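Visitor: Quick one: this structure, given as structure tokens, is what I'll be asking you about.
The values are calculated or read from the model by the stated rules, or taken from the named source; none is laboratory data. Model, not experiment: these values are computed from the prediction. Note that we place each Cβ from the backbone using ideal geometry, even for glycine, and neighbour counts take in every protein chain shown.
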Amino acid sequence: MKSANFSPHLYTKALAAFDAAFSPMYLSNTWSHVRQQLKPEHMLALQFCGEILQDEEDEIQQADLDEISTLLSELESLSANSDQIPERLRRLIDNQIAQIRAAVASYKIAGAKVLREAVRSSYGELVEAKDIITEHKNSPEISKLAEVWRKVNAVADAALKIDGVVQLGQKAWLFIESVIKGAV
């Protein structure tokens, strides 16, 4: 609110009341006790704050989430039915699938940032496996993995409105793509 240039006197009392009501000292109290400390004007100020503050992300379309799920199923099928890739690569792919599925499942609760966190958390694993990825960079499994990450990154970038996060996402994708293609 402060960075949006709104007068602090419009919201500081309400925020202080919420801080006091949700203090760790009151954890053992019932909701009715906590609720007594929150007056209607506090709730109204909070509603105005919610209306004034900009959304940090757009909603991801269900079609995009469905496309990611379809790509993951295709990748899972490729990995499971291939006898051309070593077990280490299969485990890597399975773990990547699990990370993305967890992010998609958490999206409705945590927002698009979970997709960005999935990209970030895959860094280390992909760097560690660079040798085996490079060795099999022309395999259909690695191509599909790249396609999945490309889609996840595009969806997350479209949803997130914060420039720095979008730039981080683009850099993350470029890094993942370079590992997959064996350039790093």
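Visitor: Do the conditions hold for A16, that is, is it touching a helix residue (DSSP H, G or I) at 6+ places or on another chain (Cβ under 8 Å) and not basic (K, R)?
Guide: no
Visitor: Restricting attention to region 99-113, which residues are among the aliphatic types (A, V, I, L, M), assigned to a helix (DSSP H, G or I) and buried (at least 18 other Cβ atoms within 10 Å of the Cβ)?
Guide: Going through region 99-113, the residues among the aliphatic types (A, V, I, L, M) turn out to be 100, 102-105, 109-110, 112.
Going one step further and asking which of them are assigned to a helix (DSSP H, G or I), we end up with 100, 102-105, 109-110.
Scanning region 99-113 gives I100, A103, V104.
Visitor: Test of understanding: among V104, V114, which residue is touching a Phe, Trp or Tyr at 6+ places or on another chain (Cβ under 7 Å) and in the same structural domain as K144 (by TED's automatic domain parsing)?
Guide: Every option except V114 fails the conditions.
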